[in-house]
Ligand SMILES: [Zn+2]
């Protein structure tokens, strides 16, 4: 059914599912600007009625567009609307917004030298821009910086190719956190925990669309090595299982939080009261079996819409 997109107001295709039992009804929206996304009924009202959320609609539009094209369509509920503005995927300044445009052109290029079209009125969310003029400005800046080359242009759209310098910049970006699919796993090593990693943590991360990285370290030599620091820096988020109370796990989680990365704490239920640090102000996913852990962690990662 043709209705208006809840995020940008443009005419969009909206399919609504009514609530079954206690579950809330949701809308599936297919918008030329914001991509495909799902939104709960209460979130669709909040994003229009709550002034704090209403003024952040351009952030949500950028977020849903990026996920729709490169990850998977997101589901927006009211808690996630409050969290998304703090996500590491949301650009913090002008140069990060320009990097979004550069990344978009690179990801859409089928081959080097391919001219990728930007329709300013539809595509401004790819830059997390507020309107078409902002996207137009960023694209022109990137041309001025010799990162993009404009091939054809008129009032509504332009075609851009990435220059060799643009590809170099994109390679650097890919290694950074902005485009990372990596999830760093901080946990105790050892035979017993292998099953927890394979059938719990790793399985949940992969299912959520990310790539787990576990660096095995010797039990007797829990030194924080440079590689661990570097890998946390380039990760999208961290899963920290505190079951065996290893100091390195707390260190790695704290380091990640200092970088503003999302940290998902998990702990085996019977070990929760013996934690060395009181991290109880942060939500922990408590588990009994790796299968438990898989299900709960998967939903926590998905709900967080990273
Ligand atoms: Zn829209």
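Descriptive notes on the structure:
- When Rg and the Kirkwood radius Rh are both evaluated on Cα atoms of region 2-86, their ratio Rg/Rh stands at 0.94.
- Between helix 57-70 and the chain there is an angle of about 80 degrees, using the helix long axis and the longest principal axis of the Cα atoms.
- Mean residue ellipticity at 222 nm, helices only, the chain: -11500 deg cm²/dmol; runs of at least 4 DSSP H residues each add -39,500 (n - 2.57), and the sum is divided by the number of residues.
- Choice from 83, 281, 48 with maximal GNM fluctuation in the chain (Cα, 10 Å cutoff): 281
- DSSP-defined antiparallel bridges as percent of all bridges, the chain, nearest 5: 55
- Angle between the chain longest axis and helix 132-144 axis [Cα atoms, degrees, rounded to 10]: 90
- Computed over the chain with a Gaussian network model linking Cα atoms closer than 10 Å, the most mobile of 122, 155, 248 is 155.
- GNM flexibility winner over the chain from 235, 103, 68 (Cα, springs under 10 Å): 68
- Cα-based Rg / Dmax (Å) for region 94-177: 11.5, 35
- Once divided by 2.2 N^0.38 Å, the Cα radius of gyration of the chain becomes 1.10.
- Tensor-based shape of region 249-306 (alpha-carbon gyration tensor, a/c under 1.5 rounded, otherwise prolate or oblate): oblate
- When the Cα convex hull of region 162-306 is projected onto planes of every orientation, the mean area is 9.3 nm².
- Volume per residue of the C-alpha convex hull in region 53-142, rounded to whole Å³: 99
- Folded to 0 to 90 degrees: helix 290-304 orientation relative to the chain principal axis, Cα: 30
- Taking every C-alpha pair closer than 8 Å and separated by at least 6 residues, the mean separation divided by the residue count of the chain gives a relative contact order of 13 percent.
Only the coordinates and a few stated rules stand behind these numbers; no lab work does. Values in this document were obtained by computation on a predicted structure and should not be read as measured data.
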